[in-house]
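Below is one structure, written out as structure tokens; the observations come after it.
The values are calculated or read from the model by the stated rules, or taken from the named source; none is laboratory data. Computed from a predicted structure; not experimentally measured. We place every Cβ from the backbone using ideal geometry, glycine too, and count neighbours over all the protein chains shown. Note: areas computed on protein heavy atoms with side chains; ligands, DNA, RNA excluded. Shrake-Rupley method; radii C 1.70, N 1.55, O 1.52, S 1.80 Å.
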Amino acid sequence: MSNADAFFRPCALRCVVKKRGRNEKLPIKLFFILSVLCLVGCATDPTYLNPKPEEAGYLVGSIGKVITGEYKSPHSAVELYLRKIGTEDNVRISYFDPIFIPNSGDINEGGNRYEIFSLSLLPGNYEIYQTRFYYYNGQVEKDYYSKPDFSLPIEIEKGKMTYIGEFLAHGLWFKNIVGFKVPGAGFFEYNGDKLERDLPIINRKYPKIKTHVLKRIISDTASPFILTPLEVLEYKSELENNP
């Protein structure tokens, strides 16, 4: 049985996928190490989500996935988990692509599709701290969560729209015991500032939040699960040289 098949999801438990830290040399076949740790599902929305309009700030950006080629994402959901720093309750930034009704997305660029997202939040300091890749083909169900947690800090200001850029999910594939390619987890590529492309769609999709835009483009993700374009090229080169 391959790493990708090591954990199916026959119940409501969330099976975690663990990746080696960036400060270690990455053995390609161990890029994602499956952990036995399982988590229980979350409960209600956190108190900082969807405050009164006069108290809110907004987090916006784009999230998508590769839909063609060797690193296409077969996942039904690719997600980033966000929480207010100092709290445990989270919200999800998601791109859903159900198998029976494929998502055409807000943006279709070649082999990539994206959704524009917007979250209404209380002002304060937040962080993206976890990724999720969920696969379902009508019979097989797999759920991959990143561990350990990381931190991409984001400040939300009252009455302002904070734009954080583009996140693109790539899929990872493995060979099973009989040599067939099967889907595993994945990783995100952070492509930074796409505001010129995204803003007209943000304004059309969320007309009630037209307000001053702050760009908070992340200069260094410092995360083993969210890579810069250069790191993606380096990682793909390692994969191709170490099949």
Between I107 and residues 5 or more places away or on another chain, the pairs with built amide H atoms under 5 Å apart involve Y114
For region 57-149 the chymotrypsin sites (Phe, Trp or Tyr not before Pro) that pass both the DSSP coil test and the at-most-10 other-Cβ-within-10 Å test are F100
Under the 7 Å Cα-to-Cβ spin-label approximation, H212 and E196 lie apart by a distance in nanometres of 2.4 nm
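Mind ranking R216, R197 by accessible surface for me, highest first, 1.4 Å probe?
Descending accessible area places them as R216, R197.
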Among region 201-243, those whose backbone N falls under 13 Å of a label point 7 Å along Cα→Cβ from N125 are none
Given backbone amide H placed at 1.01 Å from N, residues whose amide H is under 5 Å from that of G192, ignoring those fewer than 5 places away on the same chain, are E166
Distance in nm between E157 and Q139 label points, each 7 Å along Cα→Cβ, equals 5.4 nm
Violations at 18 Å Cα threshold for listed pairs K52/K205; K52/K158; K65/K208; K142/K181; K65/K147; K65/K236 -> K52/K205; K65/K208; K65/K147
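Sorting S223, S237, S94 by accessible area (1.4 Å probe), largest first, what list results?
Values: S223 0, S237 50, S94 30 Å².
Per-residue accessible area, sorted high to low, gives S237, S94, S223.
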Amide H contacts under 5 Å for I67, restricted to residues at least 5 apart in sequence or on another chain and with H modeled in the peptide plane, are S73, N112, R113
Measuring from its Cα centre, region 164-243 shows a charge dipole (+1 at each Lys and Arg Cβ, -1 at each Asp and Glu Cβ) which, in debye to the nearest 20, is 620 debye
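For region 127-243, what does the relative contact order come out to in percent, with C-alpha contacts under 8 Å and a separation of six or more?
So the answer I get is 25 percent.
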Of T68, T221, T228, T47, ordered by accessible area with the largest first and a 1.4 Å probe, the sequence is T47, T68, T228, T221
Simple SL model, points at 7 angstrom along Cα→Cβ for S118 and E240; separation in nm is 4.0 nm
Note to self: C-alpha centroids of region 43-106 and region 158-221 sit apart, in Å, by 9 Å
